[in-house]
1. Mind listing just one residue for me: the one in segment 64-92 that is more than 24 Å from residue 140 (Cβ to Cβ) and assigned to a loop (DSSP other than H, G, I, E, B) and, of those, nearest to the chain's Cα centre (by Cα)?
2. Determine which member of the set 147, 179 is modelled with pLDDT under 95 and within 22 Å of residue 109 (Cβ to Cβ).
3. Examine segment 49-63 for a residue that is over 30 Å from residue 116 (Cα atoms), more than 25 Å from the chain's Cα centre (by Cα), surrounded by fewer than 14 Cβ atoms within 10 Å (Cβ to Cβ) and at pLDDT 95 or above, and state whether such a residue exists.
4. What number of residues within segment 95-116 satisfy the criterion of being under 12 Å from residue 135 (Cα atoms) and surrounded by fewer than 16 Cβ atoms within 10 Å (Cβ to Cβ)?
5. Has segment 164-175 got at least one residue that is surrounded by fewer than 13 Cβ atoms within 10 Å (Cβ to Cβ) and closer than 19 Å to residue 118 by Cβ?
6. Taking the condition of being out of contact with any Asp or Glu (no Cβ under 8 Å at 6 or more places or on another chain) and either in a strand (DSSP E or B) or in the same structural domain as residue 123 (by TED's automatic domain parsing) (or both), how many residues in segment 35-56 meet it?
7. Based on this model, can you work out whether residue 37 counts as surrounded by 15 or more Cβ atoms within 10 Å (Cβ to Cβ) and over 25 Å from the mean Cα position of the chain (by Cα)?
8. Among the numbered conditions (1) assigned to a helix (DSSP H, G or I); (2) surrounded by 15 or more Cβ atoms within 10 Å (Cβ to Cβ); (3) out of contact with any Leu (no Cβ under 6 Å at 6 or more places or on another chain), tell me where residue 121 comes up short.
Amino acid sequence: MTDQHEEVTDLPMRWPVVESREVHRDAWVVVVREDVITRPDHPDERFARLSVEHPGAVIVMALDDDERVFCLRQYRHTSGFEFVELPAGLRDAGDEPPLETAKRELREEAELAAQSWVQLLSTFPSAGITDEVHEIFLARDLSPSPRGDFELKHEEAEMHPFWVPFEDLLDAVLAGRVRQGPLVQAVLAYDALKRRDRL
């Protein structure tokens with residue numbers, strides 16, 4: 001039974017690592033590492049865990065004055081779907097703060113700028129296998145902002161942009177028609193925060 005007074009918060013922790021080896025490293029962003037670890041105070045109980053090292057990503061829910069959300073249709077080879085997504089991008093620009101990355105990605109993928117920014121969530125999408133963190137932002141007070149000489153390539157070159165009323169997007173999420181994780185989280189967080197008068 002949970003102690004009713006226990007603080008509900010994630011706690012940073014590292015169990016002992018006995019050995020570690022790099023399984024894969026590519027020229028893009030991914031490193032796969034295998035660690036042999038032990039439970040605290042149980043040094044003889046050794047077991048292996050794979051970890052995918054990832055720089056993390058930002059996701060932007062851009063909302064206009066009519067409560068419409070800027071969305072993209074984007075093909076994802078691994079999952080075999082063309083997902084409804086939000087503008088997003090990797091945090092692969094060194095020490096660039098997440099908000100600056102979000103502003104850049106909104107300009108590059110949506111050709112938009114925003115005057116108002118609120119962080120909705122910071123999440124680990126799959127904590128059992130990767131250290132990737134998603135920083136999810138709400139962007140409002142939008143205006144056009146050309147992407148300049150940035151060139152969309154690969155899957156991004158085939159993205160289809162469109163606007164959808166927020167309530168329609170929420171309905172699609174709740175009906176399971178739209179399942180891309182960061183979009184679902186952004187939509188539900190925005191709806192919950194609005195209901196609690198926190199936005």
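1. The qualifying residue nearest to the chain's Cα centre (by Cα) is 92.
2. 147
3. no
4. The total comes to 3.
5. Looking through segment 164-175, none of the residues is surrounded by fewer than 13 Cβ atoms within 10 Å (Cβ to Cβ) and closer than 19 Å to residue 118 by Cβ.
6. 7
7. Yes: the conditions hold for residue 37.
8. With (1) assigned to a helix (DSSP H, G or I); (2) surrounded by 15 or more Cβ atoms within 10 Å (Cβ to Cβ); (3) out of contact with any Leu (no Cβ under 6 Å at 6 or more places or on another chain) applied to residue 121, the lone miss is (1).
The values are calculated or read from the model by the stated rules, or taken from the named source; none is laboratory data. All values derive from a computational prediction rather than experimental measurement. When we count neighbours, we look across all protein chains shown, and the Cβ atoms used for this are built from the backbone with ideal geometry, even at glycine.
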